[in-house]
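FYI, it's all coordinate maths here, none of it is from the lab. Note that this is a predicted model, so its numbers are computed, not measured. For neighbour counting, all protein chains shown are included, and Cβ atoms are generated from backbone atoms with ideal geometry for every residue, glycine included.
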Amino acid sequence: MLNGDGLRVVLWVAGCEHHCKGCQNPLTWDPDGGLFFDLNAYLEIVHELNKPHISGITFSGGDPLHPVNRTDVMFVAKEIKKVFPTKTIWLYTGYEWEDICNLPGIENIDVIVDGKFKQELADVTYPWAGSTNQRIIDVKKSLEYGCAIKHRTEKTGVRDEEYYGSDSKKCC
């Protein structure tokens, strides 16, 4: 329930090069750690996503966009979007939106929480992120407008098309 809107399936991946101080999952940093993701694991995800009370899937880790994970995560996201077009796909990454917005398959993700966790900015009241530097980004609107657009929900109280401002390094 803390990994995005509603009740979600969460896939934790191994591999992270950010090594943030205070990370909640340092055991997931090793790209050779974890269990092999196979057809049975995928079918288990599909089975869980088939339940009407499940809102979608969240990719977390580690970092789903670590170079060893990108292709497989984007493939799984694409397949899930085909089978469950109304379920949402969230992805947590230490990379910033401006550096990943052109990745192939990014359009299949609905919400990205970007940026490295910064212990000095940790805030347990900040919805869906560990530290206040991290942004909760509506991927579809961000791709449409060319800048990082905030994800809108009752929890965040964000207005439609509110963006993260001109302090971003660049836009896509």
Study note, to complete from the structure: Distance in nm between E44 and E144 label points, each 7 Å along Cα→Cβ, equals 3.7 nm
Revision key, fill the gap. The number of Lys pairs in region 7-145 whose alpha carbons lie under 29 Å apart, excluding pairs fewer than 8 residues apart on one chain, is 24
Check your understanding: Which FRET efficiency value, to the nearest 0.05, do you get for R152 and T71 by plugging their Cβ-Cβ distance into 1/(1 + (r/R0)^6) with R0 = 35 Å?
Key -> 0.70
Exercise for review: Would you please state which residues of region 113-131 a label at V10 would reach in this model, taking the label point 7 Å out along Cα→Cβ and a backbone N cut-off of under 12 Å?
Suggested key: 128-130
Exercise for review: Identify the residues of region 21-36 with backbone N under 11 Å of a label point that sits 7 angstrom from the Cα of L2 along the Cα-to-Cβ direction, or state none.
Suggested key: 24-25
**Study point:** Charge dipole of the chain about the Cα centre (unit charges at C-beta), most positive-ward option of I89, S55, V68
**Key:** S55
Review point. Where does the charge balance sit around I54 when Lys and Arg score +1, Asp and Glu -1, over other residues with C-beta under 10 Å from its C-beta?
Key: +2
Practice item. Take every Cα pair under 8 Å in the chain that's 6+ residues apart, average their separations, divide by the length, and report that relative contact order as a whole percent. Key: 18 percent
Practice item. Report the extension gain between K51 and T125 in nm, rounded to one decimal, defined as 0.36 nm multiplied by the number of residues separating them, less their alpha carbon distance. Key: 23.7 nm
Check your understanding: Over what distance in Å are the Cα centres of region 113-147 and region 17-96 separated?
Key -> 17 Å
**Study point:** CD proxy at 222 nm, helix term only [per DSSP H run n ≥ 4: -39500 (n - 2.57); per residue of the chain; nearest 500]
**Key:** -6000 deg cm²/dmol
Exercise for review: Only Lys, Arg, Asp and Glu count, each charged at its Cβ (+1, +1, -1, -1), so figure out the dipole size of the chain about its Cα centre, rounded to 20 debye.
Suggested key: 300 debye
